Amino acid sequence: MFRRQRSIPLRGSAAALCNNLSVLHLPASNLTHFGVVHGPSAQLLSAAPEGVPLAQRQLHVKEGAGMSPSLITQVDWCVLPFRVLLVLTSHRSIQMYESDGSIMVYWHALDSGDASSVQAAFAQGIAAYDHFIFVGTWSGRVLVFDIPTKGPNIVLREELVGHQTPVTSISTEPSKRQDIVADLVTADDSGLLCVWQLGSEFTLLTCIPGFGVPCLSVQLWEGIVAAGYGNGQVRLYDATTGALHIQINAHARAVCALDLAPEVGKLLSAAEDTFVHIWKLSRSPESGSIEVEHCHGECIPDTQVCGARFCDVSGSSFAVTGYDLAEIQIFSSV
């Protein structure tokens with residue numbers, strides 16, 4: 001059972017973008033950081049457990065001299081083993097900052113030469129694994145950046161090719177178990193999912209075909225791929241084989257965000273139908289098949305939800321943003 005506890009005010013509101021909320025929980029400082037996109041700027045907030053905002057920063061996308069600011073498509077923190085970077089994607093570039101957004105450490109221009117006259121260039125989908133940061137693009141390519149332990153010497157290592165339509169979401173495997181071979185899953189606008197194994201070389205393990213509906217958000221947990229689609233469905237696949245195990249008609253409208261609490265296997269789904277649901281994922285010890293249990297449903301009245309994330313790895317609280325909603329709503333377990 002979850003109940004609304006508090007709200008964190010925003011200076012503006014959240015843009016109508018899928019996955020438009022990022023959360024970074026720092027247990028050492030007992031602070032939680034939130035990131036929300038609105039137009040050409042991102043709002044970064046820090047809050048104490050009581051929900052009192054301690055700091056706010058307005059981060060504006062930086063472009064070349066004489067160029068007007070472009071729209072931001074996503075902002076997310078990437079937690080690496082040795083540092084935390086804030087990654088911002090827009091219609092012209094990929095920008096990486098120190099975790100508080102104070103210093104830009106890397107800027108990568110998008111090559112719009114591949115974009116047609118009717119297709120805009122943009123980057124979207126952000127994830128981190130080991131010392132790599134992955135960013136999706138409108139062309140379907142996934143850019144792989146090699147991150148040093150410190151400093152700005154970030155290198156574009158390679159591009160993963162598996163998609164023909166724009167990448168929408170990327171997720172990496174939080175578990176380090178040796179028996180799990182799938183490390184990365186990428187989703188695109190056609191609903192295609194690509195599952196990758198990372199190592200000295202990046203290997204495409206399997207492709208899970210789409211069915212004519214965009215996959216707008218994807219998560220990976222202990223060999224299970226959870227995918228949220230534009231028709232309101234949440235589907236659970238085996239990451240290694242690509243086999244569909246469970247199909248849930250979870251929402252009445254498009255799923256705009258998925259998130260996982262890796263310590264307990266809780267899955268959060270949020271959609272444009274104003275509902276947020278929490279599910280418990282597990283595997284049968286006898287057959288190894290994927291199982292799911294519905295734990296909680298929450299209605300955010302009169303709100304087009306556009307972002308939702310757990311606030312900690314145990315899934316004891318979650319945050320929600322909505323289009324034209326000038327606050328982040330927080331719900332905690334009771």
Checklist entry - Are there any pairs, at least 6 apart or on different chains, whose C-beta atoms fall under 9 Å, with the first in the range 59-76 and of a type in the set (Phe, Trp, Tyr) and the second modelled with pLDDT of 75 or more, and if so, which? => result none
Checklist outcome for this item: Flagged pairs (Cβ under 7 angstrom, 6 or more apart or on separate chains; first in the range 167-182, more than 17 Å from Glu201 (Cα to Cα); second assigned to a loop (DSSP other than H, G, I, E, B) and polar (S, T, N, Q)) are Ser169/Asn19
Checklist outcome for this item: Counted residues in the range 153-184 being part of a loop (DSSP other than H, G, I, E, B) and open to solvent by less than 80 Å² (accessible area, probe 1.4 Å) come to 12
Checklist entry - How about the range 246-263: which of its residues are open to solvent by 30 Å² or more (accessible area, probe 1.4 Å) and in contact with a Ser or Thr (Cβ under 6 Å, 6 or more places away or on another chain)? => result Glu263
Item to check | Every residue from the range 191-230 that is under 23 Å from Glu158 (Cβ atoms), outside any strand (DSSP E or B) and at pLDDT 95 or above | outcome: Leu192
Checklist entry - List pairs: first in the range 305-321 and in a strand (DSSP E or B), second open to solvent by 10 Å² or more (accessible area, probe 1.4 Å) and of a type in the set (Lys, Arg), Cβ under 8 Å, 6+ apart or cross-chain? => result Phe310/Lys266; Phe318/Arg309; Ala319/Arg309
Item to check | Residue satisfying all of: in the range 274-290; in contact (Cβ under 8 Å) with a residue 24 or more places away in the chain and surrounded by fewer than 18 Cβ atoms within 10 Å (Cβ to Cβ); nearest to Thr303 (Cα to Cα) among these | outcome: Arg283
Item to check | Of residues in the range 135-152 being among the polar types (S, T, N, Q) and either surrounded by fewer than 20 Cβ atoms within 10 Å (Cβ to Cβ) or touching a helix residue (DSSP H, G or I) at 6+ places or on another chain (Cβ under 7 Å) (or both), the one farthest from Gly212 (Cα to Cα) | outcome: Thr149
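The values are calculated or read from the model by the stated rules, or taken from the named source; none is laboratory data. Just so we're clear, the structure is a prediction, and the values are computed from it rather than from any experiment. No Cβ is skipped: glycine too gets one built from the backbone with ideal geometry, and neighbour counts run over all protein chains shown. Note: accessible area is taken over every heavy atom of the protein model, side chains too, but ligands, DNA and RNA are not part of it. Shrake-Rupley method; radii C 1.70, N 1.55, O 1.52, S 1.80 Å.
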